[in-house]
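All remarks here apply to the structure that follows.
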Amino acid sequence: MYVNGFIVPVPEDSKEAYREVAEKFWPIARDHGCIGHVEAWEADVKDGQWTDFRKAVALEPGEKVVFSWMVWPDQQTADEAHEKMMADERMKEWGDGSDMPFDGKRMVVGGFEVIVDNAA
């Protein structure tokens with residue numbers, strides 16, 4: 001299993017627009033091999049002494065942090081899916097991405113190999 005993780009700053013008044021984009025993106029990711037997708041809106045994010053989610057994305061007044069992840073069977077599937085998703089016809093709806101309801105330049109992205117996976 002492999003996970004792509006993200007934190008992204010989103011204007012508070014764009015919560016619904018962000019959720020709609022995420023909902024439309026899921027079928028594209030699923031069709032290219034993603035097996036799970038979670039988008040979580042900031043509810044209890046504390047300020048850290050040295051670093052925190054807000055500092056990581058240079059949060060500005062009126063913004064919230066979204067923490068999200070996509071689960072893939074393996075890194076190869078995730079890597080191969082990236083280009084396929086970008087070429088998918090359904091992605092054209094968002095054009096060059098400049099009118100997305102978030103600032104992609106301040107998004108933090110990473111890929112992670114799962115070392116523990118528990119569920120109740």
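For the stretch 80-85, 3J(HN,Hα) computed residue by residue from phi via the Karplus equation (6.51, -1.76, 1.60; θ = phi - 60°) reads 5, 5, 3, 5, 5, 5 Hz, glycine and proline entered as x. GNM on the chain, alpha-carbon springs under 10 angstrom: the most fluctuating residue among 44, 31, 79 is 44.
Note on the stretch 46-120: with charges restricted to the Cβ of Lys and Arg (+1) and Asp and Glu (-1), its dipole about the Cα centre is near 380 debye.
Reachable lysines from residue 15, Cα under 17 Å, same-chain residues fewer than 8 places away excluded? Residue 15 reaches 24, 64. With q set to 0.20 Å⁻¹, the log10 of I(q)/I(0) for the chain, from the Debye formula over equal scatterers at the Cα positions, is -1.24. For the stretch 17-86, the calculated P(r) over all alpha carbon pairs, in 10 Å bins from 0 to the bin holding the longest distance, is 17, 39, 29, 15, 0 percent. For the peptides 80-93, 51-64, 105-118, the ranking by packing is 51-64, 80-93, 105-118, with the highest mean count of neighbouring Cβ atoms within 10 Å listed first.
Values in this text are rule-based calculations from the coordinates and carry no lab data. Just so it is clear, the structure is predicted and the values come from calculations on it, not from any experiment. Note that we place each Cβ from the backbone using ideal geometry, even for glycine, and neighbour counts take in every protein chain shown.
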